[in-house]
1. Looking only at residues that are among the β-branched types (Val, Ile, Thr) and touching a residue at least 60 places away in the same chain (Cβ under 8 Å) in region 135-169, which one is surrounded by the most Cβ atoms within 10 Å (Cβ to Cβ)?
2. Does Leu299 satisfy being touching a residue at least 60 places away in the same chain (Cβ under 8 Å), part of a helix (DSSP H, G or I) and not basic (Lys, Arg)?
3. Any idea which of Arg267, Arg294 is out of contact with any His (no Cβ under 7 Å at 6 or more places or on another chain), more than 15 Å from Thr245 (Cα to Cα) and among the basic types (Lys, Arg)?
4. For region 305-375, give me every one of the helices (runs of 4 or more DSSP H) that falls completely inside it and has 1 or more residues that are under 13 Å from Val283 (Cβ atoms) and more than 16 Å from the chain's Cα centre (by Cα).
5. Taking region 2-18 as the search range and keeping residues that are part of a loop (DSSP other than H, G, I, E, B) and at pLDDT 95 or above, which one is farthest from Arg129 (Cα to Cα)?
6. Could you look through region 199-244, keep only residues that are basic (Lys, Arg), free of Cβ contacts under 8 Å to residues at least 60 places away in the same chain and not in a loop (DSSP other than H, G, I, E, B), and pick out the one that is farthest from Asp102 (Cα to Cα)?
7. Name every residue in region 184-197 that is surrounded by 18 or more Cβ atoms within 10 Å (Cβ to Cβ) and part of a loop (DSSP other than H, G, I, E, B), in order of residue number.
8. If the requirement is being part of a helix (DSSP H, G or I), of a type in the set (Gly, Ala, Ser) and buried (at least 20 other Cβ atoms within 10 Å of the Cβ), which of these qualifies: Ala117, Ala72, Ala79?
Amino acid sequence: MGAVREALDALPLVDHHCHGVVGGELSREYFEELITEGGSWPGISSFDSPVGVAVRRHCGPLLDLPRHAPPAEYLARRAELGAREVNRRFLAASGTGVFCVDTGYAPDRLTTPAELADAAGGTAYEVVRLENVAEAVAAAGVEPDAYGDAFRAAVQRAVARPGVVGVKSVAAYRTGFDLDPARPSPAEVTAAAHAWSARGGRLDDPVLVRHLLWTAVDLGLPLQLHTGFGDNDIRMHRADPTHLTDWLHLTGGAIPVLLLHCWPYQRQAAYLAAVFEQVYLDVGLTLHHVGPARARAILEEALEITPFRKLLYSSDAYGVAEFYHLGALAFRRGLGDLLQDRVAADELGLPDALRIAEWAGAHNALRVYGLPGPS
C-alpha cells in the first residue's frame, strides 16, 4: 500500500463542504434519483453509471454484501438494516472528523449537522447559503428600497449563529460567473430589487447576485463557490471559475474563496489557486461520481500547478450516506497513490508527501476556516 496511503487511511478527514443525508427509508426510484445529478429516467437505471457501479463495488461490503451485489439485493439489504444503521455505517467508515455542512438545500428531511457528527463520532459546523437568506428576506415582504440593508442585516444575523464558519453561493446556477465584477451601487441594487419583486421567483438577477457576492466579501468569512459540475440547471460554460478573474482582482484577497467541485475546470481552478493568494479548491462531488478508479486522474490534474496548501477535501455528500464513504475512499486512494508514486520516482521526498497528504486531507481546511480540528 505504501506509507502515504497508510497515513491518509489513518487521518481523520476534514470535509469542508457537505450536506445532510435522508433520515428515512428510500424507495429504489428515490435512491436512484439521489445518486445522480441528472435524475432518474424511464428505462435507464442510475446503477448503470460509474457512480452506480462504485456504490455496488465499494459500499456493498459495508452492508455485509459481496462486492458487485445486484441493485435489488443492495437495496433490500439497505432497507433491512434501516436508514439509521446504514447512515451510521457509512459515516463512520468515511473516517471524517470534521464536517462543514451546507444546510441551504434540504427539500426533504435531512440529518442536521449535529446528527451527522454524532453518527460519525466527529464535529460539525454550518455553512450558510446566501441565496436562501436573500430569498427569505424577499419572502418576508421587505420593500425593494430597503432590500440592500435588510439582506445585509439578515446575513449578519445568520452568520452570528453558533457553529457557523463560512458562507456559500450558488451563483453558478443562478447567473453564471460572467458578471460585471464591480460592486453594484445602492441605486442599482434598489432598481434590481424592484424588478425582482415584480417578477418573483428565486434570486437570479445579475445585479443582486453581484450584491450578494460583495456582501460576502464584507463579512470577512470564507466564501464557498460552486463551480463546474452540477445538475442540468447549470449552464456549464458560464460556471468556469476563470470568469471570476476580474472580481478576484477587485476583492484584493479580503476573504478566502473556496472553489468547489470544479470538474471539468479543475485545471482552470488550479490556475486561479496558483496566481491568487485567496483562492483554494477541491474536487468534491466529482470524486464519488468518477469513483475510486478515476479519482487519481482528477486529482493529478488539479495538482499540476496548485500550491499544496491550497487543495482541500470535500465529499459534497448529499442525500445518501454512501457518498461520504465513496468520497473519502476515492480521495484517500487517489491522492495516496499519486503521491506514493512520486516518492518512488524520486520526484518527492517521503516527508514532503506525508505533509502534503495531511495538509490536503485536514490541515488546509482547519487553517482556512480557523477550526480547532477533530477532538
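1. Val155
2. No: the conditions fail for Leu299.
3. Numbers: Arg267 fails: more than 15 Å from Thr245 (Cα to Cα).
Just one listed residue meets the conditions, Arg294.
4. 322-344
5. For region 2-18, the residue satisfying everything is Leu11.
6. Only one residue tops the list, namely Arg199.
7. Pro184
8. Unique residue meeting the criteria: Ala117.
The values are calculated or read from the model by the stated rules, or taken from the named source; none is laboratory data. Since we're looking at a predicted model, the values are computed, not measured. Virtual Cβ from ideal backbone geometry, glycine too; neighbours counted across all protein chains shown.
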